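Asker: Quick one: structure below, then a few questions.
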Amino acid sequence: MDRLSQAPVRGFDTAEFERRIARAQTIMHEHKFDALLFTTPHNIRWVTGFASQFWESPTRPWFLIVPAAGKPIAVIPEIGGPRMAETWIDDVRTWPAPRPEDDGTSLLVSVLQELTRKFGRIGMELGREHALRMPVEQFLEVRNKLLGVELVNGSKCIWQIQMVKTDAEVQHIRHICQIACDGYDRVPDLVNAGDSEHEAARKLRVEFAILGADSTPFLPAISGPGGVPQIVCGPGEREIGKGDVLFFDTGCTYDGYWCDFDRNYAVVEISDEAKRAHDAVWRATEIGLAAVRPGATTDDLHRAMAVVLGSSGSCGNNVGRLGHGLGMQLTEPPSFMPGDGTIIEPGMVLTIEPGMEYAPGKMIVHEENIVVREDGAELLTRRAPREMPVIT
């Protein structure tokens, strides 16, 4: 199948961004914010559609304001002005950055002071799974210079806005998930026993690019006899050999949106113990998929999968959770873990990710990506085979 010819159109029309901002402004009112102030690339892109490789440079701060009513306002270095003016944003204010003595501070303060005030509060990326992309000293200076306005943690509000995806966002995520599925299907033909983990990862990364992924920033390739010792660090120089499990976890992107799911491969042959562990996490994934429904909580999903893992001999799971949200970041809230308490809603894009350590240093993990519909989970990935594919 030619994924390139089936790719969603890059970017979004103005109506899509208007829908996002209308939802955002409704939720902002519930949280008593006069505005949200974004500093991170993915949040600025979510509001504007503006994308730039120049964000790899940390020299200049960028700001995007979503007021309680009306269109967003960009406060950005003048080097980005012409391109931002091509987006749906009308109000683009710039300064000649970099200017260390006043790198947009005065301009940003003046714009924030202009905003209509009802609550005297502006929400920022100060909390859970957020980070500022501006110097802390500059943040403190902006906060001190604002009169009658507080800069406060807006993360709870931001995640409430973004956890539910639009149909257009879901189509982007579905597309990159299918690209990654196609690449995974090719692994037994691409990778050989005797390859190093680095070589295996290089081959798969090239395949993803050929199939149409924009980038693959996240690609742990980890191997071990009968299972892997961990799932986040690697690849290394270890050569994969007979009896190993080769684990790939893939975060590819398309037009700013991520997939995030893994696959396991047996190298030549696999032990009966590893087969049983693999089957246990496969069954736990089935239970997790069946448990997804609007009104359920993340705690419910964790509990359903944990029962299967516990009855199958799990002796731990150092990941700390059994799934999470997905979108313009590799991982987003919510987390499938005790105490998270997030209520599942239609339109959420989630990962179902049960894993277990079945013996010391031997871990097996499964992961699928789904979107929540009114009647339950809809797979965005193709379901992993119940038995591990074999690499020879």
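Bear in mind these aren't lab numbers, they're just calculated from the coordinates by the rules spelled out. Worth saying up front: this structure is predicted, and the values here are computed from it rather than measured. Cβ sites come from the backbone with ideal geometry, for glycine too, and all protein chains shown count toward neighbours.
Asker: Given the options Thr285, Gly295, Thr253, identify the residue whose Cα lies farthest towards the positive end of the charge dipole of the range 241-321 (+1 on Cβ of Lys, Arg; -1 on Cβ of Asp, Glu).
Answerer: Gly295
Asker: Show me, bin by bin at 10 Å from 0, the whole-percent P(r) of the chain based on Cα pairs.
Answerer: The distribution over the chain is 5, 22, 28, 23, 15, 6, 1, given as percents.
Asker: If you add up the charges near Gly212, with Lys and Arg at +1 and Asp and Glu at -1, over every other residue whose beta carbon is less than 12 angstrom from its beta carbon, what do you get? Let's see the in-between values first.
Answerer: Details: positive: Arg3, Arg10; negative: Asp2, Asp182, Glu207, Asp214, Asp255.
Net of charged neighbours comes to -3.
Asker: Restricting everything to alpha-carbon atoms, can you work out Rg to Rh for the range 14-162 with a Kirkwood hydrodynamic radius? Please report the intermediate quantities before stating the final value.
Answerer: Numbers: Rg = 14.1 Å, Rh = 15.3 Å.
Rounded to two decimals, Rg/Rh equals 0.92.
Asker: Springs between alpha-carbon pairs under 10 angstrom, Gaussian network model over the chain: which of Ala306, Ala85, Ala377 fluctuates most?
Answerer: Ala85
Asker: Kindly state, to the nearest 0.05, the FRET efficiency for Glu114 paired with Arg373, given R0 = 30 Å and r defined as their beta-carbon distance. Please report the intermediate quantities before stating the final value.
Answerer: Details: r = 42 Å, r/R0 = 1.41.
The formula returns an efficiency of 0.10 here.
Asker: Under a Cβ-only charge scheme (Lys and Arg +1, Asp and Glu -1), can you give me the dipole magnitude of the chain about the Cα centre, in debye to the nearest 20?
Answerer: Using only the charged Cβ atoms, the result is roughly 700 debye.
Asker: Sticking with this structure for a sec: Please list 159-167, 95-103, 381-389 highest first by mean number of surrounding beta-carbon atoms within 10 Å per residue. Write down the numbers at each step before the final one.
Answerer: On the way: 159-167: 18.1, 95-103: 13.4, 381-389: 15.8.
Result, highest mean first: 159-167, 381-389, 95-103.
Asker: Quick one: Debye curve from the C-alpha atoms of the range 320-392, no solvent, what's log10 I(q)/I(0) at q = 0.18, 0.20, 0.21 Å⁻¹?
Answerer: With no solvent term, the Cα-only Debye profile gives -0.82, -0.95, -1.01.
Asker: Moving on. Please report the spacing between the Cα centers of the range 212-257 and the range 1-57 in Å, no decimals.
Answerer: A separation of 29 Å, based on Cα centres.
Asker: For the range 167-391, what's the radius of gyration and Dmax over Cα atoms, in angstrom?
Answerer: When restricted to the Cα atoms of the range 167-391, Rg and Dmax are 16.4, 48 Å.
Asker: Normalised by the number of residues in the chain, what is the relative contact order in percent for Cα pairs under 8 Å and 6+ residues apart? Can you show the working numbers first?
Answerer: Working: 822 pairs, mean separation 54.8, N = 392.
The normalised contact order for the chain reaches 14 percent.
Asker: Answer with one residue from Gly327, Ala359, Val371: the one whose Cα lies farthest towards the positive end of the charge dipole of the range 314-392, charges on Cβ with Lys, Arg +1 and Asp, Glu -1.
Answerer: Farthest towards the positive end: Ala359.
Asker: Could you please state, rounded to a whole Å, how far the C-alpha centre of the range 277-315 is from the C-alpha centre of the range 365-386?
Answerer: After rounding, the separation between the Cα centres reads 13 Å.
Asker: Tell me the label-point distance for the pair Arg386, Ala131, using the 7 Å Cα-to-Cβ offset, in nm and rounded to one decimal.
Answerer: In this crude label model, Arg386 to Ala131 measures out at 4.3 nm.
Asker: By average Cβ neighbour count within 10 Å, what is the ranking of 3-11, 33-41, 253-261, 188-196 from highest down?
Answerer: Values: 3-11: 12.8, 33-41: 22.9, 253-261: 24.6, 188-196: 15.6.
Ranking, from highest mean packing down: 253-261, 33-41, 188-196, 3-11.
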